[in-house]
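Working notes, beginning with the structure itself.
The values are calculated or read from the model by the stated rules, or taken from the named source; none is laboratory data. This structure is a prediction, so every number in the text was calculated from the model and none was measured. Every residue, glycine among them, receives a Cβ derived from its backbone with ideal geometry; neighbour counts consider all protein chains shown.
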Amino acid sequence: MATVSRSIQSSLHSAIRIFLTLLILILILILGSTMGVARGSAVDSSPVPPSITTAPLSAEQVVNNLIRKDAERAKALRHYESTRVYHLSYHGFPGDRDAEMTVAATYDSPSSKNFKVISQTGSKLIIERVFKRLLESEKEGAEPEMHARMLLNRDNYDFALIGYETSGVNSSDKRSQYVLAVFPKAKSKYVYRGKVWIDGTDFAVTRIDAEPAQTPSFWTKKSEIHHEYMKVDNFWLPRRNESVSYIRLGGRATLTIDYSNYRVIDSQASGNATKASSSGEGAR
């Protein structure tokens, strides 16, 4: 019995390591699209909101603007630096695990990303098998061929307008957002299905609620992705990511990434960096 018990424990630990590593794939889905700059559930079948009838633009027009502005922002962004805090908590059988890592991130156009670990605490398994692998995967995802497979465009997705929202008290600060349902054209671990919010002025993604189009593994019962972006100068960059996955053994893992202290240089800056910070909002 002892031998059988040790064998079962070993198998369960292996399954959890595989499961935790699968969270990397979920992040790749989103991080590859930050220049265009998923809880969420798949798009529901609720009645069409009346707000759609007041939307100034159609889904086709919104997507056209999104693709055009995305290309402009990608071309303009030369360099940025930021601080990230990764935190992963796993609760379930055979035991809880927790880890946190702070990273200094640097991007250089057109496709170079570098990371420097500032501090790390908690489970060495999570740090080595998840966090560090996640950084490596993000570097790979920045390569043009891989990046193209993950872009939010007509090559990869179909779109439907399902909402139109406005916020702000005064007309001077009122902003509008289009809510689009996105449907991947092919099932793949690199795409997702769900909802995206598009800023009505900048035509950039401000929020994503979705789930992977393809379940990464038998061990993963359900995965949810929540992503928020913030405007830094002329660019919309990640503010916070939360990915929640449930496994068939009864465990739950929550991975969060908080982004702050952005420093951006665009193609119009003559050697002078423009500094912007999240001022603690969304930061751990």
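Details
- Odd one out for R68 among (1) in contact with a strand residue (DSSP E or B) (Cβ under 9 Å, 6 or more places away or on another chain); (2) assigned to a helix (DSSP H, G or I): (1)
- Only a single criterion out of (1) under 26 Å from L249 (Cα atoms); (2) touching a Ser or Thr at 6+ places or on another chain (Cβ under 6 Å) is not satisfied by V191, namely (2).
- Residue tally, condition in a helix (DSSP H, G or I) and touching a Ser or Thr at 6+ places or on another chain (Cβ under 8 Å), over the stretch 140-168: 4
- For the stretch 118-130, the criterion of a residue being under 18 Å from the mean Cα position of the chain (by Cα), buried (at least 18 other Cβ atoms within 10 Å of the Cβ) and assigned to a helix (DSSP H, G or I) is satisfied by at least one position.
- Check on T102, in a strand (DSSP E or B), of a type in the set (S, T, N, Q) and within 21 Å of the chain's Cα centre (by Cα): yes
- Taking the listed residues S217, S267, S279, the one that is modelled with pLDDT under 90, among the polar types (S, T, N, Q) and either on the phi > 0 side of the Ramachandran plot or in contact with a Pro (Cβ under 6 Å, 6 or more places away or on another chain) (or both) is S279, with no other qualifying.
- Restricting the stretch 104-117 to residues that are within 17 Å of R263 (Cα to Cα) and touching a helix residue (DSSP H, G or I) at 6+ places or on another chain (Cβ under 7 Å), the residue that is surrounded by the most Cβ atoms within 10 Å (Cβ to Cβ): F115
- Among the conditions (1) modelled with pLDDT under 90; (2) out of contact with any strand residue (DSSP E or B) (no Cβ under 7 Å at 6 or more places or on another chain); (3) not in a helix (DSSP H, G or I), M35 misses just one, which is (2).
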